[in-house]
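The values are calculated or read from the model by the stated rules, or taken from the named source; none is laboratory data. Predicted, not measured: the structure shown is a model, and the values here were computed from it. The protein model used for the area step is the full one, side chains on, heavy atoms only, and it has no ligands, DNA or RNA in it. Shrake-Rupley method; radii C 1.70, N 1.55, O 1.52, S 1.80 Å.
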Amino acid sequence: MNLADHLSAEIQSSITIEYLNGSGQALNRKVMRNALTSLGRNEFRELVLKVRDGKLPQNFILKQIQLFTRFIRDGKSSIVLQPDNVQLLISNCPSDKLKHFMKTLMIKHEAGKNGKPVNDRMKLLAGLPRTFETISPVQRKDVEQANEMRAKANTETPVKRKGLSNREPNKTNGCPQKRIKNLLFMCQISELRPSKKPTLSMPRQLNLSTEQSLVLSTVLSGKNVFFTGSAGTGKSFLLKRIIGALPPKSTYATASTGVAACHIGGTTLHAFAGIGSGKASLEQCIELANRPGVRQHWMSCRHLIIDEISMVESEFFDKLEAVARSVRRRDEPFGGIQLIV
Ligand SMILES: Nc1ncnc2c1ncn2[C@@H]1O[C@H](COP(=O)(O)OP(=O)(O)OP(=O)(O)O)[C@@H](O)[C@H]1O
């Protein structure tokens, strides 16, 4: 994969498609472990999500949508398609890609709200052949349009104060001051105020230097990578972009020390490896690495990041390599795990 495709309107992830009933319970569920989801437009210029996993693609027209992005940093988000009662649960997506994708979706959807809706009758009468065109990158005018639509909605659709309408005022204990306060409180909850959606900005670009881009594209090509540089040359910055570009379930970000591990939001190399100090014999280390819980790390790991590799003892590193090959039953270096150090 080259870097131009890295932040695009397409994501590779696991997807669960849930078909909901009127009360939001899932009636039917379809799980795709490795799905490709693209954002595009159909022959009527409607916004469409195309989901495919090697079989027949499924298209979802985005009319009224709700986006849930609380766990976007963990590579998870969900999209609820309201009139159709369908929910798409996205997981195991590289977090930077997912952030870019969801932001593009949000801006394009919001910006397209002033377009005329096409009903089924108009579609039938038009008799156009089915098409799907991948969405163009977000432009400044899309963001402006989206913000205009948001501002309009903010002033036009007042909603009741969130969560306050059902609350009972506190008991007053007969204190006149408290009674006045409660009266004010009740007046406030009966007021209407406009819902406030935050202003949108352009999706974040990679903004890497030439050397940083080269390292990231080499990582994405699947090769083992060692990168270094003097203080302040952007190693930590690049490492965060690398972590954000890899699928979370199969990527382990580790460092030789706890402090360095915290810095990149990962664990220590020792905690990942589960072989203690590594001073035991190879057989014992392999036995330790085969314990439930530890073995699962080794089996699911496809990309191992080790920050501050210079602090890792060579003996321990060699042990890890041998353990990886044995536990994963693969004779390639590190049992086929891609190393980024
Ligand atoms: N591509 C970039 N775009 C914007 N800012 C960058 C970029 N690369 C690095 N920086 C900034 O440069 C500064 C130094 O970067 P960073 O801390 O990653 O360097 P480092 O090589 O890890 O340094 P050290 O070895 O001292 O830990 C940081 O403020 C970082 O945000």
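Sorted from greatest to least, the principal axis extents spanned by the alpha carbons of the range 1-78 come out as 43, 35, 26 Å. Per-residue surface analysis assigns Phe68 an accessible area of about 100 Å², computed on protein heavy atoms at 1.4 Å probe radius. Remark: C-alpha extents of the range 190-273 on the principal axes read 60, 34, 27 Å, sorted largest to smallest. Rolling a 1.4 Å probe over the protein chains gives Thr254 an accessible area of about 0 Å². Over the range 208-341, the hull volume per residue, using the convex hull of the C-alpha atoms, is 99 Å³. Lys-Lys pairs in the range 22-94 that are eight or more residues apart or on separate chains and whose Cα atoms lie under 17 Å of each other come to 4. Calculated over the chain, the projected area of the Cα convex hull averaged across directions stands at 25.8 nm².
Per residue, the convex hull spanned by the Cα atoms of the range 1-131 measures out at 130 cubic angstrom. Sorting Met202, Met102 by accessible area puts them as Met202, Met102; the probe is 1.4 Å, largest comes first, and only protein heavy atoms count.
Expressed as a whole percent, the accessible surface of the chain that belongs to carbon and sulfur atoms is 53, based on a 1.4 Å probe.
Dividing the summed helix terms, -39500 (n - 2.57) for each DSSP H run of n ≥ 4, by the number of residues in the chain produces a 222 nm estimate of -10500 deg cm²/dmol to the nearest 500.
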